1. What number goes with the only condition from (1) within 16 Å of the chain's Cα centre (by Cα); (2) within 18 Å of TYR149 (Cα to Cα) that ALA110 does not pass?
2. Could you say whether any residue in the range 121-142 is touching a Lys or Arg at 6+ places or on another chain (Cβ under 9 Å), farther than 17 Å from GLY157 by Cβ and not acidic (Asp, Glu)?
3. For the range 124-146, give me each residue that is in contact with a strand residue (DSSP E or B) (Cβ under 6 Å, 6 or more places away or on another chain) and more than 20 Å from LYS58 (Cβ to Cβ).
4. Which of (1) part of a loop (DSSP other than H, G, I, E, B); (2) within 14 Å of the ligand (Cβ to nearest atom); (3) of a type in the set (D, E, K, R) is the odd one out, the single condition ASP137 does not satisfy?
5. Tell me, which residue of the range 81-106 that is within 13 Å of the ligand (Cβ to nearest atom) and part of a strand (DSSP E or B) is nearest to the chain's Cα centre (by Cα)?
6. For residues that are closer than 13 Å to ILE59 by Cβ and of a type outside the set (Phe, Trp, Tyr), scanning just the range 155-167, find the one that is farthest from the ligand (Cβ to nearest atom).
7. Could you please find all residues in the range 44-77 being in a loop (DSSP other than H, G, I, E, B) and among the polar types (S, T, N, Q)?
8. Might you check whether a residue that is buried (at least 17 other Cβ atoms within 10 Å of the Cβ) and touching a helix residue (DSSP H, G or I) at 6+ places or on another chain (Cβ under 8 Å) occurs anywhere in the range 92-99?
Amino acid sequence: MFLRTAASVIAIVVLLGAARALQPPTAPRTLATAPAAPAVTVNKFLSYDPAAKKITLKITSALTSKQGGFNFNGGSNGDQTITVPLGWQVHVDVNNIDAIPHSAIIIPDAKPLPAAPDQAAIGGAYTIQLAPSTGHDTMDFAATPAGKYLIACGIPGHTASGMYIRFVVDGSAAVPTYTGL
Ligand SMILES: [Cu+2]
């Protein structure tokens, strides 16, 4: 019994030594963990983290009664413009508070406007069809390539009814901006 216990203790000591040997040398902690940079608030729809180059955008369909509800954040017919720096990560929260379905999709800013946009110009930059009143979805994408786009509604006829605002990916923009409010 004693021998077995002694053998076990030796085995454990050997194992501990081996485990310790497997650990990499502790790196010198020259940099203290920086506190998270505070997000910069542009307005009630747009904020960003400059260090992480991450943008958070809130889009609400039919936020106001403007254009008969065919608007995003109260913007219609391209009268609002969101500009983001090239390559930044964009997270968009899209909500529909209207009595009819809507959606959101980023398409090229080009005429003629499609009757029912269904081809996103940026990978991942589209939502599902959002149910009336409670519909919600998100878009997550990298802002590339640089260019002029529209955030449009994919429901047939809605873009033609003015339900689009502008979205610009700008290689020379230092920070995101939101104009037209
Ligand atoms: Cu719509």
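Every number here is computed from the coordinates shown, using simple stated rules; none is lab data. Quantities reported herein were computed from a predicted structural model and do not represent experimental measurements. In this analysis, Cβ positions are derived from the backbone assuming ideal geometry, glycine residues included, and neighbour counts consider all displayed protein chains.
1. (1)
2. First pass over the range 121-142, keeping only residues touching a Lys or Arg at 6+ places or on another chain (Cβ under 9 Å): none.
Checked against the condition, which is being touching a Lys or Arg at 6+ places or on another chain (Cβ under 9 Å), farther than 17 Å from GLY157 by Cβ and not acidic (Asp, Glu), the range 121-142 yields no hits at all.
3. ALA146
4. Checking ASP137 against (1) part of a loop (DSSP other than H, G, I, E, B); (2) within 14 Å of the ligand (Cβ to nearest atom); (3) of a type in the set (D, E, K, R), the one that fails is (1).
5. If we take residues in the range 81-106 being within 13 Å of the ligand (Cβ to nearest atom) and part of a strand (DSSP E or B), then VAL94 is nearest to the chain's Cα centre (by Cα).
6. First pass over the range 155-167, keeping only residues closer than 13 Å to ILE59 by Cβ: 163-167.
In the following step, the residues that additionally are of a type outside the set (Phe, Trp, Tyr) were identified as 163, 165-166.
Details: MET163: 5, ILE165: 12, ARG166: 16 Å.
Ranking the candidates gives ARG166 first.
7. First, the residues of the range 44-77 that are in a loop (DSSP other than H, G, I, E, B): 44-45, 50-53, 62-65, 70-71, 73-74, 76-77.
Result: THR64, SER65, ASN71, ASN73, SER76, ASN77.
8. Filtering the range 92-99 for residues buried (at least 17 other Cβ atoms within 10 Å of the Cβ) gives 92, 94-96, 98.
Of the ones still in play, those that are also touching a helix residue (DSSP H, G or I) at 6+ places or on another chain (Cβ under 8 Å) are 98.
For the range 92-99, residues buried (at least 17 other Cβ atoms within 10 Å of the Cβ) and touching a helix residue (DSSP H, G or I) at 6+ places or on another chain (Cβ under 8 Å): present.
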